[in-house]
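**Student:** Structure incoming, see below.
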Amino acid sequence: MARIAGGAPLASLEPSGDGSPLFVRLYRLVRGSILEGRLPAGARLPSTRTVARDLGLSRTTAEEAFAQLLAEGFIERRRGSGTYVAAIESARVPLGRSLRPPGPAGPRRLAERGASMRRHACFPEPAAPRAFAGASAAVESFPFDVWQGLVARCLRRSGTRALGTGDPAGYGPLREEIAGYLRVFRGVSCTPDQVVITTSSQQALDLAARLLIDPGDAAWIEEPGYPGARAALLASGARLVPVPVDEGGLRVDLGVRRGRDARLAYVTPSHQYPLGVVLRLERRLALLDWARSQGAWIVEDDYDSEFRYEGRPLMAIQAIDTDTRVLYVGTFTKVLFPALRLAYAVVPKDLVGAFVTARGLLDGYAATLPQMVAAEFFAQGHFGVHIRRMRELYRQRRDALRQAAGAWRRAGVELGPTDAGLHAVAHLPPASDDGAVSARAARLGVDVQPLSRYCHGRPTAPGLFLGYAALSPAEIRRGGEILRRAL
């Protein structure tokens, strides 16, 4: 066994659980001995030849480990004398004692923003969902061959430009395609300059909250509503005003009564998340009137409007906003595939500069190559073809869910609106505990989120969130039978 001056042994080399090379394991062994005081400053180390022989290593391995220790200042080599532990001086740690800092004396304190983010974490989408978890897209039906060909084409045409830095506002041709698409299919009034590309709708919401709300400002949220919006607003220091949602959407009259002075309202008017209802026209107009009179902002989250199974997609609130109080947010997460990490915000012209600057400060820009490919996907007509195919696929899966839900009526369970989107809500009898039903279903083999988890205040109506888009009709039928037993 290799020994330092004075006879203290170097511990034997422990097996690595992370597949680290031998020289890294030896480096960690010596470094740990120095940090913990087992090898004091000034102690002479054995030669690399001796270390290699005693530990059964090659001399090259020992030399690599010692070279790393030397480069980081843990050891020093004296010509003609040998290798020694460096004299590392520290104001807090006397020479020769352990250099490893003591552990925390108590719980680590987070900033208020950090604590809020920790308390209000969103529900992660499962990588391989079982019935009826999340509202993931059916990624197995995405045209991978088309996308792969476009990736190759973009790389050939753009060369290294696709690998360089990007514009914080986003890739110009993609912004043009999005603006054109929104004008035709959603009635959104915008120019490409108003489109800001983000990595997710969550990032767009976070940007809006950072730029438009001061700590303590009131903000309306739908009740029940999207937990990600709630988290973003709380993290910005907003004072949340939960506004009930009924069969006509957000109760604007109650919002005005509870928080007339709010600075911002977050809404999902075309397909309310999670209840699936549509915001009535008179309430849309009332919401715009309130925002205009109060100088407030409306964040319109249009997260899955492409998938409407009865009639054409509804026009956005932004389309009837004459006072430019609406920020329109959309995403490709559900329309294309989640790993694309592309979304966008349509921003009033006088806010574009601030949004682009803030977007650059947060994480620079979205990756250029995926934006190039997405722009080509639009320009060549693949986007429209894909939407039509997926709309029909999801319609079939929606129909399978409706059929499965017929067996739940004996338990007093009614399925909410299913004419759009990738999920539905099963409404339970008033006295039900949706948390207990969710836990019972999980034990039987299906995942359903209780509707109470989507409420900021006290839940008023129990229900279950059912994601169905990523499931085959057979999986939906099996999941429906299991859920019937849980109900």
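**Student:** Restricting the first residue to the stretch 246-275 and requiring it to be in a strand (DSSP E or B), which pairs with a second residue that is of a type in the set (Asp, Glu) meet a Cβ separation below 8 Å and a spacing of at least six or different chains?
**Tutor:** Filtered contacts from the stretch 246-275: Leu250/Glu222; Leu264/Asp217; Tyr266/Glu222; Tyr266/Asp301; Val267/Glu222; Val267/Glu300; Val267/Asp301.
**Student:** Which of (1) in contact (Cβ under 8 Å) with a residue 24 or more places away in the chain; (2) among the acidic types (Asp, Glu); (3) out of contact with any Ser or Thr (no Cβ under 6 Å at 6 or more places or on another chain) does Asp301 not meet, given it meets every other one?
**Tutor:** Only one criterion in (1) in contact (Cβ under 8 Å) with a residue 24 or more places away in the chain; (2) among the acidic types (Asp, Glu); (3) out of contact with any Ser or Thr (no Cβ under 6 Å at 6 or more places or on another chain) is unmet by Asp301, namely (3).
**Student:** May I ask you to say which residue of Glu282, Glu376 is within 30 Å of Arg397 (Cα to Cα) and either surrounded by fewer than 16 Cβ atoms within 10 Å (Cβ to Cβ) or in contact with a Cys (Cβ under 9 Å, 6 or more places away or on another chain) (or both)?
**Tutor:** After ruling out the rest, the residue left standing is Glu376.
**Student:** How many of the residues making up the stretch 445-469 are crowded, with 17+ Cβ neighbours inside 10 Å and out of contact with any helix residue (DSSP H, G or I) (no Cβ under 9 Å at 6 or more places or on another chain)?
**Tutor:** Residues flagged as crowded, with 17+ Cβ neighbours inside 10 Å and out of contact with any helix residue (DSSP H, G or I) (no Cβ under 9 Å at 6 or more places or on another chain) within the stretch 445-469 amount to 2.
**Student:** Right, something else. Within the stretch 234-257, track down each residue that is out of contact with any Phe, Trp or Tyr (no Cβ under 7 Å at 6 or more places or on another chain), hydrophobic (A, V, I, L, M, F, W, C) and within 29 Å of Arg359 (Cα to Cα).
**Tutor:** If the condition is that a residue be out of contact with any Phe, Trp or Tyr (no Cβ under 7 Å at 6 or more places or on another chain), hydrophobic (A, V, I, L, M, F, W, C) and within 29 Å of Arg359 (Cα to Cα), then Leu234, Ala235, Ala238, Leu240 are the ones that fit.
**Student:** Only residues that are outside any loop (DSSP other than H, G, I, E, B) and either among the polar types (S, T, N, Q) or surrounded by fewer than 23 Cβ atoms within 10 Å (Cβ to Cβ) (or both): list them for the stretch 166-181, please.
**Tutor:** Hits for the stretch 166-181 are Gly172, Pro173, Glu176, Glu177, Ala179, Gly180, Tyr181.
**Student:** Another question, if that's okay. From the residues in the stretch 270-328 that are among the hydroxyl-bearing types (Ser, Thr, Tyr) and more than 29 Å from the chain's Cα centre (by Cα), which one is nearest to Asp217 (Cα to Cα)?
**Tutor:** Here the residue is Ser293.
**Student:** How about the stretch 344-355: which of its residues are in contact (Cβ under 8 Å) with a residue 24 or more places away in the chain, surrounded by fewer than 18 Cβ atoms within 10 Å (Cβ to Cβ) and either touching a helix residue (DSSP H, G or I) at 6+ places or on another chain (Cβ under 9 Å) or more than 14 Å from Trp297 (Cα to Cα) (or both)?
**Tutor:** Lys349, Ala354
**Student:** Return the pair list, or none, for Cβ contacts closer than 7 Å from residues in the stretch 26-39 that are within 13 Å of Thr61 (Cβ to Cβ) to residues that are in a helix (DSSP H, G or I) and β-branched (Val, Ile, Thr), at least 6 apart or on different chains.
**Tutor:** The qualifying pairs are Leu26/Thr61.
**Student:** Count, please, the residues in the stretch 39-66 that happen to be exposed (fewer than 14 other Cβ atoms within 10 Å of the Cβ) and aliphatic (A, V, I, L, M).
**Tutor:** Here the count works out to 0.
**Student:** Let me ask something else about it. Among the residues of the stretch 249-270, count how many are exposed (fewer than 15 other Cβ atoms within 10 Å of the Cβ) and either modelled with pLDDT under 95 or within 15 Å of Glu282 (Cα to Cα) (or both).
**Tutor:** Number satisfying all stated conditions: 1.
**Student:** So which residues in the stretch 334-346 are in a loop (DSSP other than H, G, I, E, B) and touching an Asp or Glu at 6+ places or on another chain (Cβ under 9 Å)?
**Tutor:** Residues satisfying the conditions are Lys334, Val335.
**Student:** All but one of (1) of a type in the set (Asp, Glu); (2) in a loop (DSSP other than H, G, I, E, B); (3) farther than 24 Å from Arg230 by Cα hold for Asp447; which doesn't?
**Tutor:** (3)
**Student:** Also, I was wondering about something else. Pick from Arg341, Arg312: which is without any contact (Cβ under 8 Å) to a residue 12 or more places away in the chain, basic (Lys, Arg) and surrounded by fewer than 20 Cβ atoms within 10 Å (Cβ to Cβ)?
**Tutor:** Testing whether each residue is without any contact (Cβ under 8 Å) to a residue 12 or more places away in the chain, basic (Lys, Arg) and surrounded by fewer than 20 Cβ atoms within 10 Å (Cβ to Cβ) leaves just Arg312.
**Student:** For the stretch 356-397, name all the residues that are under 21 Å from Ser305 (Cα atoms) and of a type in the set (A, V, I, L, M, F, W, C).
**Tutor:** Ala374, Ala375, Phe377, Phe378, Ala379, Phe383, Val385, Ile387, Met390, Leu393
**Student:** Has the stretch 452-468 got at least one residue that is more than 25 Å from the chain's Cα centre (by Cα), over 27 Å from Leu240 (Cβ atoms) and either modelled with pLDDT of 95 or more or of a type in the set (S, T, N, Q) (or both)?
**Tutor:** No, there is no match, as no residue in the stretch 452-468 is more than 25 Å from the chain's Cα centre (by Cα), over 27 Å from Leu240 (Cβ atoms) and either modelled with pLDDT of 95 or more or of a type in the set (S, T, N, Q) (or both).
**Student:** List pairs: first in the stretch 419-431 and touching a residue at least 40 places away in the same chain (Cβ under 8 Å), second of a type in the set (Ser, Thr, Tyr) and assigned to a loop (DSSP other than H, G, I, E, B), Cβ under 6 Å, 6+ apart or cross-chain?
**Tutor:** Close Cβ pairs (under 6 Å, with a partner that is of a type in the set (Ser, Thr, Tyr) and assigned to a loop (DSSP other than H, G, I, E, B)) amount to Asp419/Tyr309; Ala424/Thr418.
**Student:** Could you please find all residues in the stretch 425-441 being within 22 Å of Pro224 (Cα to Cα) and not in a loop (DSSP other than H, G, I, E, B)?
**Tutor:** Val425, Ala426, His427, Asp434, Gly435, Ala436, Val437, Ser438, Ala439, Ala441
The values are calculated or read from the model by the stated rules, or taken from the named source; none is laboratory data. Note that the structure is a prediction, hence the values are computed from the model and not measured. We place every Cβ from the backbone using ideal geometry, glycine too, and count neighbours over all the protein chains shown.
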